[in-house]
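To keep things clear, I will list the structure first and then write my remarks on it.
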Amino acid sequence: MPILRLADCPATPWKNGLGRTRELAIHPPGAGMDDFLWRVSVAEVESAAPFSAFPGIDRVIALLDGAGFTMKMDDGHHHALTTPGMPFAFRGETGVDVTLAGGPSRDFNLMLRRDRMRGDIEAWHGAGTRHADAGIALVYCMRGNIDTAEGPLHAGDAWRPGSGTLVLHGDALALAVRVAPHS
């Protein structure tokens, strides 16, 4: 089914057990944490806690809602993930401790097996027609309403297009996940 509802995805513990996530998509289908090529999920960050380590994985995250948090990397760098829909990339083996900027937050996650895949998250803002080419693996409706050939998307819905056209209405905000194998 090309439309996925976040509400239908069960919450599971983070790899380190210190938070929860809801997996929207994994490739290949049925893969586990040790053999996926790419994975998309929504994480619930409810307290200050370290992120799970994912050696060999490139990660891209974007704040969905809440005040966000500051990420303190083990190399001393800090990144404030406080602007909704603004992607931030980092290596999965990087040690990351989180300090909440306010209360609980949720973030959107793309994980890519570094030696096999590359990808990113594109934020699509505002009304208009967008074309999801074959490189777009998933489109997540972060805010507003989006029409697809398979039906409407509302906040928390995702679409696995393959390719196709979307119509974003009003102040809609979508996160488009682009993935491709290394050539």
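If only residues of segment 69-103 that are in contact (Cβ under 8 Å) with a residue 40 or more places away in the chain and in contact with a Ser or Thr (Cβ under 8 Å, 6 or more places away or on another chain) are counted, the one that is surrounded by the most Cβ atoms within 10 Å (Cβ to Cβ) is VAL98.
Of everything listed in (1) under 18 Å from the mean Cα position of the chain (by Cα); (2) surrounded by 15 or more Cβ atoms within 10 Å (Cβ to Cβ), the single unmet condition for LEU166 is (1). The set of residues in segment 126-142 being in a strand (DSSP E or B) and either free of Cβ contacts under 8 Å to residues at least 12 places away in the same chain or over 14 Å from the mean Cα position of the chain (by Cα) (or both) consists of GLY128, THR129, ARG130, HIS131, ALA132.
The residues in segment 156-169 that are at pLDDT 95 or above, more than 11 Å from LEU4 (Cα to Cα) and of a type in the set (Gly, Ala, Ser) can be counted, and the count is 0. Taking GLY17, is it modelled with pLDDT under 95 and of a type outside the set (A, V, I, L, M)? Against the criterion (modelled with pLDDT under 95 and of a type outside the set (A, V, I, L, M)), GLY17 qualifies.
Being part of a loop (DSSP other than H, G, I, E, B) and either of a type in the set (A, V, I, L, M) or free of Cβ contacts under 8 Å to residues at least 60 places away in the same chain (or both) is the filter here, so list the residues in segment 155-183 that pass it. Step through it out loud before you land on a result.
Applying the first criterion (part of a loop (DSSP other than H, G, I, E, B)) to segment 155-183 yields 155-156, 160-163, 182-183.
Scanning segment 155-183 gives ALA155, SER163, SER183.
The values are calculated or read from the model by the stated rules, or taken from the named source; none is laboratory data. Predicted model only: the values in this text are computed from it and were never measured. A quick note on method: Cβ atoms are made from the backbone with ideal geometry, for glycine too, and the neighbour counts reach across all protein chains shown.
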